[in-house]
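Taking it in order: structure first as structure tokens, then the write-up.
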């Protein structure tokens, strides 16, 4: 999927900013983000949640949220890259120690024989990303995997993201294939995006400092 020069620059600069943070501060910042997600009514009510597995140093560790979801009796789906179809397939994770295996480049992913789940089964989703804006635009890694997956979810399913504050910028370039997210949890705020469609048209946002510190 083509990537604009502006997105490439944003991706490069944002990753450098994340990796330039104090590594000793990261665990507390990530715990604050995850605490905000745990308090979302949509997450708490969801029976089947889609979570990603940390694959790169700049990404936020979702492992504690995965453990929380399983402990709460939720079903957890994680994506596996189908490299032949250049797409994501979803598989249920019942025990991360058993159901996750190192894939390409050692990145953890569900075993090929892990129980499959359909995107239509998902009640709530967490999407990865490099940069976000308050209207729900998202810049990922450029492969377009989530822009193809997320439209397959049922209408009305909330899609959230975790981000350090420096990952949220005033505005991002958007293309017709970009799928908007519902909201963003950062260490200091919860951004609820309200928009009519991709590209930033008719969009607004509501921010609150509520959530776990």
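The single condition among (1) part of a loop (DSSP other than H, G, I, E, B); (2) within 15 Å of residue 121 (Cα to Cα) that residue 73 does not meet is (2).
Is it true that residue 169 is under 19 Å from residue 62 (Cβ atoms), in contact with a strand residue (DSSP E or B) (Cβ under 9 Å, 6 or more places away or on another chain) and at pLDDT 90 or above? Lay out the reasoning, then the answer.
Details: under 19 Å from residue 62 (Cβ atoms): no; in contact with a strand residue (DSSP E or B) (Cβ under 9 Å, 6 or more places away or on another chain): yes; at pLDDT 90 or above: yes.
No; evaluated as a whole, the condition is false for this residue.
Take residue 136 and decide whether it is touching a strand residue (DSSP E or B) at 6+ places or on another chain (Cβ under 7 Å), in contact (Cβ under 8 Å) with a residue 12 or more places away in the chain, farther than 15 Å from residue 55 by Cβ and assigned to a loop (DSSP other than H, G, I, E, B). Criteria met by residue 136.
Every residue, every condition in (1) closer than 15 Å to residue 54 by Cα; (2) touching a residue at least 60 places away in the same chain (Cβ under 8 Å), yes or no:
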site	(1), (2)
93	yes, no
98	no, no
107	yes, no
111	no, no
116	no, no
124	no, yes
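Could you check, for the stretch 77-89, whether at least one of its residues is under 16 Å from residue 162 (Cα atoms) and surrounded by fewer than 13 Cβ atoms within 10 Å (Cβ to Cβ)? No, the conditions are met nowhere in the stretch 77-89.
The values are calculated or read from the model by the stated rules, or taken from the named source; none is laboratory data. Values in this document were obtained by computation on a predicted structure and should not be read as measured data. Every residue, glycine as well, gets a Cβ built from its backbone with ideal geometry; the counts of neighbours run over all protein chains shown.
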